[in-house]
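A.B. asks: Supplied in C-alpha cells, the structure appears directly below.
Rule-based calculations on the coordinates, nothing more; no lab input. Since this is a predicted model, take the numbers as computed values, not measurements. Neighbour counts run over all protein chains shown; Cβ positions are idealised from the backbone, glycine included.
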Amino acid sequence: MRILCATNSLLLGLIGFSAFLGIWALLSISGLVPSLFLPSPLAVVERFIYLLDHRFAGGTLLDHLWASMLRFAGGFGLAVAVGVPLGLLMGWFRLLDDIVTPLFDAVRFIAPIAWVPFAALWFGTGIGGPIMIIFAGAFPPCLINAYRGAKFADPRLIEAARMLGTPDRRVITEVLLPSAVPSIIAGLRISAGLGWQSLVGAELIVASTGIGYMMVQGQGNVSTTTVMAGMIGIGIIGLIIDVVLRQAENAILRRRGLSA
Amino acid sequence: MSRKTMVGGATIVTALALWYLATSVTQMISPGRFPSPADTWDAFRQITGAGYANGLLLDHVLRSVMLVSFGFLVAVCTGVPLGLWMGWSRRAEALINPVFLIIRPIPPLAWIPLAILWLGLGDAAKILVIWFAAFVPSVINAYTGVRNLDRTLVEAARMLGTPLLTFVREVLLPGASPMIFTGLRLSLQASWTTLVAAELVGAMTGLGRVLNAAQQDLYPGMILVGMIAVTLCGWLMTAALGMAERRALSWNIATQARD
C-alpha cells in the first residue's frame, strides 16, 4: 500500500472524473445511444440552469426544491421532537423502555415507503402524507441514538447527582441529555439522510409539488434532461444537509474536547 | 420469565386488544381509515384465495423476492470486488473515488424515473434501480474493510512471499469480511425499500403493486396485508443473510462475542 503524493492522486482523480464525463458525452454525442435517452452532460447542465427560472410542472426548479425542503423540515423536525425526548425517557425509566421497545421493534421493520398508502389515506397527498413518510424514515435513528446515549451515560455522574438529591427531571435535562449529545447528533445525521430519501420516494408516488413530482412529470414527458436535472438538485440538497449536520457535530465534539 | 418479556407481552396483547376495541366494538376509528382485525383477515383470505392485483399473494411475494435477490446478487458481485480493489490500490481509489463522490449523494429512489425512462416499467428497470441501491454500500464497506486490515498481518504475509491469489483468499477476504457483511446487510435493506418504491411507481405484479392497487381502491384491509407482507419478507431476507454471516464468520471471535 504505497502512499501517493497529493498531486499524483489529484491528477488521477481528474483523469477518472474526465473519463466518466468523456464516456458519457461520447455515448450521447456520437449517437450510439439516442440523446433522447442519454443527453450529453452539457445538455443536462443547460436544462438545470434553464429550469432555475422557467416553470415546469407548476413551478421552477427552485420552487420545487423549496416545497420539498419545507416538507423535509416538517417531517424531520417532528421526528426529532418526538424521537429524542422519548429515547431519553426510555433510557431513564425502565418501565417505559419495556413497554415501548416491543412496539417500536414491530414498527421499525416496516420500510418507510410501505407507509405510503396509509399516509395518503390519512393525511392526503399535499403536505401531511409526505411528512408522515419522512417521519417514518427519520424517527427510528433519533429514538435509538438518544436511547443509547442515555444508556451509556456515566453511572458515576448519575449516582453523584442523585446522591446530592437532584430530582429526576433535572437529572434527565442536566446529566443524561448532555452526555447523550454526541450519540444524538450522530443519530440526527443518519436520520436526516433516511428522511431525505423517504421524501424523494414519497414525492415520486404521492405529491403534486416538489422535486420528486417534477421528476415524475419529466419522466412522463420523456424529458430525460429534466429528470437528470432533478437528480442533481436532490443530490446537492442532500449533500448540503449532510455537511451542515457534520459541521454541527464537529463543533459540538470540539467544544467538549472529544474531537479526534 | 423475566420482567422484561412479561411487560413486553402485556404491551403487545394490550395493543392488539385496543386495535380490536377501537375498530370493531366502539367504532372509534372508522373502517375506511384503518381496518379491523376481521377486515384484515378477509383481505388476507381474498388475496390468498381469489387473488388481488393480477395474482395471488404468493405470486406477488415470489416476484418481489426474486427481483430483489437477483439485483442484490448482481450488485454484490460487482460492488464488493470494486471496493476491495479500491481499498487495496491507492491508485484505483484516486481514479474512481471522484466519480463515486458525485453519484453517492443521489438517493437510490431518485434513480427510479430515469430507470423507467430507459427501460420501461418491466423487470429490467427494477433490477437496474436495485443495483444502484445495493452497489454503493457494497463498495464502501468492502473498501473500509480492506483499509482496516491488520497491517502486521498484511506485512507478515507479504514478507513471507505469499502469492497474490493465496493472499487474497487467506488474508484480504477473511480480514475484510466482517465489514463486507455489514455492507451486505445495508445493501439488502436498501434493495428491498427501493424495489417496493419502484413497484409503487409502476408494476404489473409484486408487493408494491398490491399496495398501490389497495391505495387506489381505498381498501385499508388490503393495505395492511400488503404492509405486513412487505415487512415480513424484508425481515426474513435480513435474517437469512444474518445466518449466512454467522456461518461464514464463525471463526471470528468478535462476532461470537456479540451473539
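A.B. asks: Helix A:94-108: angle to the longest alpha-carbon principal axis of chain A, degrees 0 to 90, nearest 10?
C.D. replies: 20 degrees
A.B. asks: Something else: If you place +1 on the Cβ of every Lys and Arg and -1 on the Cβ of every Asp and Glu, how big does the dipole about the Cα centre of the protein assembly as shown come out, in debye to the nearest 20? Numbers along the way, then the final one.
C.D. replies: Working: 35 positive and 25 negative charges, 242 e Å.
It works out to roughly 1160 debye.
A.B. asks: Can you give the Kirkwood hydrodynamic radius for region B:166-212, in Å, rounded to one decimal and based on Cα pairs? List each step's numbers first, then the result.
C.D. replies: Working: mean 1/r = 0.0786 Å⁻¹.
Taking the inverse mean of 1/r over all distinct Cα pairs, region B:166-212 comes out at 12.7 Å.
A.B. asks: Residue A:221 versus residue A:21, label points 7 Å from Cα toward the beta carbon: distance in nm?
C.D. replies: 2.7 nm
A.B. asks: Shifting gears a bit: In which sequence would B:222, B:6 go, from the one with the fewest C-beta neighbours within 10 Å to the one with the most?
C.D. replies: Numbers: B:222 26, B:6 11.
Result, fewest neighbours first: B:6, B:222.
A.B. asks: For region B:125-185 and region A:187-260, write down the distance between their C-alpha centroids in whole Å.
C.D. replies: Answer, in whole Å: 29.
A.B. asks: For chain B, with the dipole built from +1 on Lys and Arg beta-carbon atoms and -1 on Asp and Glu ones, taken about the Cα centre, which of B:138, B:163, B:2 lies farthest toward the positive end?
C.D. replies: Going by the Cα projections, it comes out as B:163.
A.B. asks: Dimensions of region A:31-91 along principal axes (Cα, Å, largest first)?
C.D. replies: Projected onto its principal axes, the Cα set of region A:31-91 covers 61, 28, 16 Å.
A.B. asks: Evaluate 2.2 N^0.38 Å with N set to the residue count of region B:11-164, then give the Cα radius of gyration divided by it. Display every interim value, and only then the final one.
C.D. replies: On the way: Rg = 24.5 Å, N = 154, 2.2 N^0.38 = 14.9 Å.
Output field value: 1.64.
A.B. asks: Related question: So what's the net charge close to residue B:12: Lys and Arg +1, Asp and Glu -1, counting the other residues with Cβ under 12 Å from its Cβ? Could you put the intermediate results ahead of the total?
C.D. replies: Details: positive: none; negative: A:98, A:105.
Within the 12 Å Cβ shell, the charges total -2.
A.B. asks: So what J values fall out for region B:155-172 if you push phi through Karplus, 6.51 cos²θ - 1.76 cosθ + 1.60 with θ = phi - 60°, rounded to Hz, Gly and Pro as x?
C.D. replies: The phi angles translate into 5, 4, 4, 5, 4, 7, x, 5, x, 4, 5, 4, 4, 4, 6, 9, 10, 5 Hz.
A.B. asks: Hey, another quick one. How far apart, in nm, are two points set 7 Å out from the Cα along the Cα-to-Cβ line at residue A:254 and at residue B:42?
C.D. replies: 6.3 nm
A.B. asks: If you scale each eigenvalue of the Cα gyration tensor by 5 and take the root, what three semi-axes come out for region A:64-194, rounded to whole angstrom and sorted largest first? Mind showing how you got there, number by number?
C.D. replies: Values: eigenvalues 205, 47, 25 Å².
Here the semi-axes work out to 32, 15, 11 Å.
A.B. asks: While we're looking at this one, here's another question. Just subtract the alpha-carbon distance of residue B:15 and residue B:124 from 0.36 nm times their residue separation and send over the number in nm, one decimal.
C.D. replies: Details: separation 109, 0.36 × 109 = 39.24 nm, distance 4.16 nm.
The span from residue B:15 to residue B:124 would gain 35.1 nm if fully extended.
A.B. asks: Next question. Top mean-square fluctuation among A:233, A:129, A:31, Gaussian network model of chain A, C-alpha springs under 10 Å?
C.D. replies: Evaluated over chain A, the most mobile residue of the options is A:31.
A.B. asks: Hey, got the average number of other protein chain Cβ atoms within 10 angstrom for residues in A:106-113?
C.D. replies: Values: counts 4, 1, 1, 7, 6, 11, 3, 13.
Per-residue shielding by partner chains comes out at 6.
A.B. asks: Moving on. Return the Rg/Rh ratio of the protein assembly as shown with Cα-based radii and a Kirkwood Rh. Intermediate values should be presented prior to the final figure.
C.D. replies: Numbers: Rg = 24.7 Å, Rh = 25.2 Å.
Result: Rg/Rh = 0.98.
A.B. asks: Something else now. Ranked from highest to lowest mean number of other Cβ atoms within 10 Å per residue, what is the order of the peptides B:30-36, A:185-191? Walk me through the numbers before you get to the answer.
C.D. replies: On the way: B:30-36: 15.0, A:185-191: 21.0.
The packing order, highest mean first, is A:185-191, B:30-36.
A.B. asks: Quick one: dipole size for chain A, taken about the Cα centre, charges +1 on Lys/Arg Cβ and -1 on Asp/Glu Cβ, in debye to the nearest 20.
C.D. replies: Values: 17 positive and 13 negative charges, 123 e Å.
It works out to roughly 580 debye.
A.B. asks: Separate question: Considering the options B:114, B:248, A:80, tell which one lies farthest towards the positive end of the dipole of the protein assembly as shown, charges being +1 on Lys and Arg and -1 on Asp and Glu at the Cβ, about the Cα centre.
C.D. replies: Value computed over the given set: B:248.
A.B. asks: Right, here's the next one. Using a ≥ b ≥ c from the Cα gyration tensor of chain A (square roots of the eigenvalues), is it rounded, prolate or oblate, where a/c under 1.5 gives rounded and otherwise the larger of a/b and b/c decides, a/b for prolate? It would help to have the intermediate numbers written out before the result.
C.D. replies: Working: a/c = 2.98, a/b = 1.62, b/c = 1.84.
In terms of gyration-tensor shape, oblate.
A.B. asks: Also, quick follow-up: Report the charge-dipole magnitude of region B:34-258 in Debye, nearest 20, computed about the Cα centre from +1 at each Lys and Arg Cβ and -1 at each Asp and Glu Cβ. Mind dumping the intermediate values first?
C.D. replies: Values: 15 positive and 11 negative charges, 145 e Å.
For region B:34-258, the charge dipole is close to 700 debye.
A.B. asks: Under the Karplus relation 6.51 cos²θ - 1.76 cosθ + 1.60, θ = phi - 60°, what is the ordered set of whole-Hz ³J(HN,Hα) values for region B:66-79, x standing for Gly and Pro?
C.D. replies: 5, 4, 5, 4, 5, x, 5, 4, 4, 5, 5, 5, 8, x
A.B. asks: Using the charge dipole of the protein assembly as shown (Lys, Arg: +1 at Cβ; Asp, Glu: -1 at Cβ; taken about the Cα centre), state which of B:66, B:186, A:52 has its Cα farthest towards the positive end.
C.D. replies: Checked the options; the winner is B:186.
A.B. asks: Connecting C-alpha atoms closer than 10 Å in a GNM of chain A, tell me which of A:128, A:149, A:220 has the biggest fluctuation.
C.D. replies: A:220
A.B. asks: When each pair of different Cα atoms in chain B is counted once in the 1/r mean, what is the Kirkwood radius in angstroms, to one decimal? Before the final figure, lay out each step's value.
C.D. replies: On the way: mean 1/r = 0.0473 Å⁻¹.
In chain B this quantity evaluates to 21.1 Å.
A.B. asks: While we're here: What is the local net charge at residue A:114, summed over the other residues whose Cβ is closer than 14 Å to its Cβ (Lys, Arg +1; Asp, Glu -1)? It would help to have the intermediate numbers written out before the result.
C.D. replies: Numbers: positive: A:108, B:209; negative: B:199.
Residues near residue A:114 contribute +1 overall.
A.B. asks: Sticking with this structure for a sec: HN-Hα J couplings of region A:135-149 from phi, Karplus 6.51/-1.76/1.60, θ = phi - 60°, integer Hz, Gly and Pro as x?
C.D. replies: Calculated HN-Hα couplings, in order: 4, 4, x, 8, 5, x, x, 4, 5, 4, 6, 5, 5, 4, x Hz.
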